[in-house]
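Participant: Here you go, one structure.
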Amino acid sequence: MSVTAPAVEAFSEAELLRRVCRLSFRRFVKEFWASVPGAAPLVHNWHMDVICKELQHVAERVFKGLSVEHDLIFNVPPGTSKTTLCSILFPAWVWTRMPNARILSASHTNDLVMDLATKARAVITSELYSELFPEIELTADQDVKTYYRNTAGGDRYTCTVSGRSPMGFHAHFHLCDDLLNPKTARSIVEVLEARKFLVEELPTRKVDKAVTPCIL
């Protein structure tokens, strides 16, 4: 009596890479690092794995609609890739799992927050990203540096502590990158402005106050 072997599902290399990158933000980072404009060659270190793990843990709860356990604060020295991981690659990865995710990114100056959003956009429109995630397309009617949207309803809006307001926008993720200008961080006025923005304004800008995390 012959026994028929079970059929083995065949995957193309692109499909396999797509699945791996969707499941693991850490792997996504390694594959898409070179897609970030101006990025130096990746020099991987253990602290990057920690950041990736923490970001994915928080994101997985949002994907499932679960209440936020905690917000995230990353305190590591300048030049250790926290901005590239958190503000550029993370939003691009989130859309591979949750295309309708709304992302609010904030900083102390408009130039910085626009630069981060622009670099994330470059990743999303890169040849590799388009090959692996063709379903993620930016709309033509809302595609500017400060605010762009994809065809699934996800978008990224930028704001600043004392300039471009987040009012009128609600997000699934809050990304705060340098709410204080390092050059004027000792200014009591700027510290109080940043505190007001973080404690009073941002909490009202959530799609679901029980679910939306703040990543600082």
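The values are calculated or read from the model by the stated rules, or taken from the named source; none is laboratory data. None of the values given here were measured: they were computed from a predicted structure. Using ideal geometry, Cβ is built from the backbone for each residue, glycine included, and neighbour counts are taken over all protein chains shown. For accessibility, only protein heavy atoms count, side chains too; no ligands or nucleic acids. Shrake-Rupley method; radii C 1.70, N 1.55, O 1.52, S 1.80 Å.
Participant: Out of the DSSP beta bridges found with both residues in the chain, what percent are antiparallel (nearest 5)?
Facilitator: Here the antiparallel bridges make up roughly 30 percent for the chain.
Participant: Ignoring ligands and nucleic acids, what accessible area does residue 57 show with a 1.4 Å probe (Å², nearest 10)?
Facilitator: 80
Participant: Roughly how many Å² of residue 118 are accessible to a 1.4 Å probe, to the nearest 10?
Facilitator: Result for residue 118: roughly 50 Å² accessible.
Participant: Net charge near residue 197: determine it from the other residues with C-beta under 14 Å of the C-beta of residue 197, scoring Lys and Arg +1 and Asp and Glu -1.
Facilitator: Around residue 197, the charge tally is -2.
Participant: What net charge do the residues around residue 212 carry, taking every other residue with its C-beta under 12 Å from that of residue 212, with Lys and Arg at +1 and Asp and Glu at -1?
Facilitator: Net charge in that neighbourhood comes out at +3.
Participant: Next question, about the same structure. In square nanometres, what is one fourth of the surface area of the convex hull spanned by the alpha carbons of segment 61-216?
Facilitator: 9.3
Participant: Using a simple spin-label model with points 7 Å from Cα along the Cα→Cβ vector, what separation in nm is obtained for residue 170 and residue 152?
Facilitator: Reported label-point gap for residue 170 and residue 152 is 2.1 nm.
Participant: Using the Kirkwood radius built from alpha carbon pairs, what does the Stokes-Einstein equation give as D for segment 4-136 at 20 °C and 1.002 mPa s, in µm² per second?
Facilitator: This corresponds to a translational diffusion coefficient of 134 µm²/s.
Participant: What is the antiparallel percent of DSSP beta bridges lying wholly in segment 101-188, to the nearest 5?
Facilitator: Counting only bridges with both partners in segment 101-188, antiparallel ones make up about 40 percent.
Participant: State in Å² the accessible area per residue of segment 29-81; use a 1.4 Å probe, count heavy atoms of protein chains only, and round to the nearest integer.
Facilitator: Per residue, segment 29-81 has 60 Å² of solvent-accessible surface.
Participant: Quick one: putting +1 on the C-beta of Lys and Arg, -1 on the C-beta of Asp and Glu, what dipole do you get for segment 67-190 around its Cα centre, in Debye to the nearest 20?
Facilitator: Dipole magnitude for segment 67-190 comes out near 300 debye.
Participant: Expressed as a whole percentage, what fraction of the accessible surface of the chain belongs to carbon and sulfur atoms when a 1.4 Å probe is rolled over the protein heavy atoms?
Facilitator: 55
Participant: Also: If you average 1/r across every pair of different Cα atoms in segment 32-75 and take the reciprocal, what Kirkwood value do you get, in Å?
Facilitator: About 12.5 Å, per the Kirkwood formula over Cα pairs.
Participant: Which loop-located GluC sites (Glu not before Pro) does segment 64-164 contain, where loop means any DSSP state but H, G, I, E or B and the Cβ has at most 13 other Cβ atoms within 10 Å?
Facilitator: Sites meeting the loop and neighbour criteria: 69, 135.
Participant: Moving on. Which FRET efficiency value, to the nearest 0.05, do you get for residue 19 and residue 63 by plugging their Cβ-Cβ distance into 1/(1 + (r/R0)^6) with R0 = 22 Å?
Facilitator: 0.90
Participant: Here's another thing I want to ask about it. Let me see the pair-distance distribution of segment 130-216: every alpha carbon pair, 5 Å bin width, integer percents in order.
Facilitator: 3, 12, 20, 21, 17, 13, 8, 4, 2, 1
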